[in-house]
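Before I ask anything, here is the structure I am working with.
The values are calculated or read from the model by the stated rules, or taken from the named source; none is laboratory data. No experiment lies behind these values; they were computed from the predicted model shown. So basically every Cβ, Gly included, is an ideal-geometry build from the backbone, and we count neighbours across all protein chains shown. Note: areas computed on protein heavy atoms with side chains; ligands, DNA, RNA excluded. Shrake-Rupley method; radii C 1.70, N 1.55, O 1.52, S 1.80 Å.
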Amino acid sequence: MSMNSSHWKLLLVAMISLGLLVAGGCGPADDSTATDDVTPAESKVLLTGSIGDASYLNPILTSDTTTGTFTGYIFEALVRVDGQVNVHPALATDWTVSDDELVWTFNLRDDVTWHDGEPFTSRDVKFTYDSILHPTYTGPRQGNFNRLIGASAYLQELASITAKAKAEEITETEESEMKMEAYEDWLALEAISTPDDYTVVFRLFEPFAPFLTSSTGLGIVPEHILRDAQGLEMRDHDFSRNPIGTGPWMFNDWRSGEYISVVRNPNHWRVVPQIDELVMKIIPDASTLEVALESAELDVGPIQHESYDQFVDVPHLDIIVHDRFVYTYFGMNLTHPLFEDKTVRHALAHAINKQEMVDEIFQGLALPAHSHGAPTRWDYNPDVAIYDYDPDRARELLAEAGWVAGSDGILEKDGMRFSFTLQTNQGNRARETSAVIIQENLSAVGIEVHLQLVEWSTFVNTVLLAREFEACIVGWSLGVDPDAFSIWHTDGGAYNFVTYSNPRVDELIELGREVSDQDERSVFYAEMQAILAEDLPYVFLFFPDGIQGLNARLRTDGEFMGSPVHSAEMTWNAYEWWIPDEYREGPILNP
Amino acid sequence: MTGYLVRRLLQAIPLLLGISMLTFLIAHLAPGGPTDVLISPDTDPTDLAQIERTLGLDRPVPVQYAMWLGRVVTGDMGRSYLDGQEVTVKIRERLPNTLLLSLTAFVVAIIFAIPIGIVSAVRQYSTLDHVATSVSLVGVSLPNFWFGMLLLIVFNVHLGWFPSHGLYTYGRVFSLLDRVRHLVLPVTVLAYGGTLALFMRHTRSSMLEVVRQDYVRTARSKGLSERVVIYRHALKNALIPLITLLGLSLPMFFSGALITENIFAIPGIGRLVVQSVFTRDYNVIMGINVIAASLVICGNLLADLLYAVVDPRIRYR
């Protein structure tokens, strides 16, 4: 019964060799590109941390934050936006808009080269925008270009061809042929034309003020590389993992789930970074990322609100608090009988303690929200109706609306109990805690709230977009342009999932699209925000600040400033930072 | 034996088909799809429908499955919907990291577990036994995320002995010492927080059973020294049940240790699985599942075969 000892030896040898195989086989040989070519020991490397990884490093195919961080380093657009949301020329030297606001003419720089040395011309610009309207385009940017002449009709035609193919009236080959024909027809309209190598003209069929930042703020991709790759081929092109741009940073290396690295572009037309390489380490656990900052393994990284107190006194870290164009809200399904009455919504706003959320969840590093918008964006209107936390006032308003306490203490009206389910996505601590606070707050005025946490994808598809909810806690991340058609307009579509409709708001949103002058537009948006604060389709909850930790070895000639509009938040202008020679080794523990 | 092996391998084919079909169905039954990551106020869901059309995601699930299967039999697992990387490349990049971590943890666990198991069996109810049993019990009971964070705070932040994340220092030439330093904390979490206690308890109980057997008494009565009795006669037989455990642990080596990988930012399979499920990255979900299922089947087969090698009473026909 006993086993021959040679078997044991065999097993042991097998296990050890397997272990060695694994230890030897992974990593070191593969990342020679990162260690040998680009990172000589004496170079200065900026180490940042991120929780998420990038997707396709092609600015026209993606919209997520981590990818946006890198496409922001590598690519440039016709215009650029600074940390205070001012628009500056970038690849364009200047631009003009015709009096009817329909023709936008951009003059381009003639001294820009791609990272591979090819010159940048208007062909690249036209190619970039034409690609977005290609029938097999796989990115999320079409919405910014459907105001180009013929584009809206063309996109509708694509949809109807798809419908025919789905109904099997035409074959798939016919489907793609017809789509390509429609695309050729649209191209023939010359909505985007290039009179010469350094001029681009866009023609719109109706005025569309957001065009400047939303559309021309999009990174330009090189025609000479992607010329023959449209749709799926562009998506799967090697370019998505080895991008070539015109920006101050050049792509260097990317290992999924591990790091992405860019190096300085010594030939940039505007600003040459003083730091040699910028590496973003992907660290999925926010607490580990903080630990890495604390032990000086990273230079820059986000800090969670609950850790703020603990980090503010760490001597080798500068803590930067910056605003973000993000707000969180308590949304009510306005078609639900409980929330139809505006008085009831006002009562809920009085019953919910926003300040408690700001203090409990964000250690005070957030602002209570009162309407749609962001406090530091130019369209913000501070003079809107504010509903102070006042449970007594809430009870009065509810009584006014006809709600009286039932036998179990829960409010009742016409046989209906004031009881509803509040849903939010699982894993978002701020939203989960807000939900609990709302539950407590509303219970104090006689309203019963059931909480339900749902996984994100399920939450978006079967709860929000399907409008299958009574109340929800979600947030909006706002862009540079204040246009909010998709959120508040009666015809906004899927994202107006609370089903809000107010003819005056519709009108104001439309007016705001028609003129490009900022002062004129801000009048419309100020009124829109005031109406929203009065109508209260949401109880607006808070604007959380962003918090970043910076290692003390970093220097800049200006001041370190987080940006509310750049995906990179802190490092958007790292091309202006520098590291003193004595600290070239790495982040420091003892400044 | 050969006939048995062939039969088992043939049986594996319908099994794999069934598993892949079921996984495919379940993955597609969950609401949403890979285009969810593109949702923003600037993106009209009708545009997203157009993308789904282009990607073939609007077809009936059985059709999609047939297309997927058609590709897989030619060795093409497709690309990730999330970042366009080929699924095989993704798995090939991450599997070595996961194996390095789990096998090292396994070996470390065995190195500690077996001797401690033997000692606590031989000196049953001694102080040593009590200490060993309680210490291992504590290990199993600690939640990995908490234990990992504790180790980070003590050994990274306060003592500065070990790095907090990754498998090597970025930009440094290969150094074995650097690799080992990066492995110490995650391996400790995985070994002490998981397999160590399991193997130690198994060694202990199996040893306790064996030392009461007649042949051990015979060995003792022959006048053999206690050392020879325990290590030559008893131990070998006591380890047989551990082989079952080894076979059953095999899939675990490949499936990765999600929590540990997450805390220490190790790009392994565990993180990939969770990310692909949350982003509905069907091709990656399927790729990992097929590979994992194949490994489970192979692991079970291997364990059965090892039995025959270890225990002459077992014969396969």
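Mind checking the dipole of the protein assembly as shown: about its Cα centre, +1 per Lys or Arg Cβ, -1 per Asp or Glu Cβ, Debye to the nearest 20?
Using only the charged Cβ atoms, the result is roughly 6980 debye.
Hey, what angle do you get for helix B:61-72 against the long axis of chain B, alpha-carbon based, 0 to 90 degrees rounded to 10?
70
Here's a follow-up. Classify chain B: rounded, prolate or oblate, from the alpha-carbon gyration tensor (a ≥ b ≥ c, eigenvalue square roots; a/c under 1.5 rounded; otherwise prolate if a/b is larger than b/c)? Present the calculation step by step, with values, prior to reporting the outcome.
Values: a/c = 2.91, a/b = 1.56, b/c = 1.86.
Oblate shape, in that a/c is at least 1.5 and b/c is the bigger or equal ratio.
Moving on. Please give the Cα centre distance for the stretch B:48-121 versus the stretch A:500-528, rounded to the nearest Å.
50
Just reorder B:5, A:317, B:137 by solvent-accessible area, largest first, 1.4 Å probe, all chains present. Mind dumping the intermediate values first?
Details: B:5 65, A:317 10, B:137 110 Å².
Ranking B:5, A:317, B:137 by accessible area, largest first, yields B:137, B:5, A:317.
Cross-link partners among lysines for residue A:179, C-alpha distance below 16 Å, same-chain residues fewer than 8 apart left out?
In chain and number order, the partners are A:164, A:166.
Oh, and also: Could you work out [θ]222 nm for chain A from helices alone, using -39500 (n - 2.57) per DSSP H run of at least four and dividing by all its residues? Round to the nearest 500 deg cm²/dmol.
Numbers: 16 runs with 174 residues, N = 591.
The per-residue figure over chain A is -9000 deg cm²/dmol.
Which of the pairs A:44/B:90; A:342/A:413; A:281/B:90; A:44/A:281 have their Cα atoms more than 27 Å apart in this structure? Each step should come with its number before you reach the end.
Values: A:44/B:90 30 Å; A:342/A:413 15 Å; A:281/B:90 18 Å; A:44/A:281 16 Å.
From A:44/B:90; A:342/A:413; A:281/B:90; A:44/A:281, over 27 Å: A:44/B:90.
Can you spot the lysines whose alpha carbon is less than 28 Å from residue B:236's alpha carbon? Ignore those fewer than 8 places along the same chain.
A:9, B:222
Describe numerically, in nm with one decimal, the distance between label points set 7 Å from Cα along Cα→Cβ at residue A:515 and at residue A:556.
3.4
Tally the DSSP beta bridges in the protein assembly as shown and give the antiparallel ones as a percent, rounded to 5. Present the calculation step by step, with values, prior to reporting the outcome.
Working: 59 of 76 bridges.
Of all bridge pairs located within the protein assembly as shown, approximately 80 percent are antiparallel.
Next up: Only helical DSSP H runs with n ≥ 4 go in: add -39500 (n - 2.57) per run for chain B, normalise by residue count and round the 222 nm mean residue ellipticity to 500 deg cm²/dmol. Before the final figure, lay out the partial values.
Values: 14 runs with 213 residues, N = 317.
It comes out at -22000 deg cm²/dmol, rounded to the nearest 500.
Just to make sure I understand: if all protein chains stay in place, what is the order of B:206, A:516 by accessible area at 1.4 Å, largest first?
Descending accessible area places them as A:516, B:206.
Measuring from a point 7 Å past the Cα of residue A:389 along Cα-to-C-beta, which residues in the stretch A:419-459 have an amide N at less than 12 Å?
Correct set: A:437-438, A:440-442.
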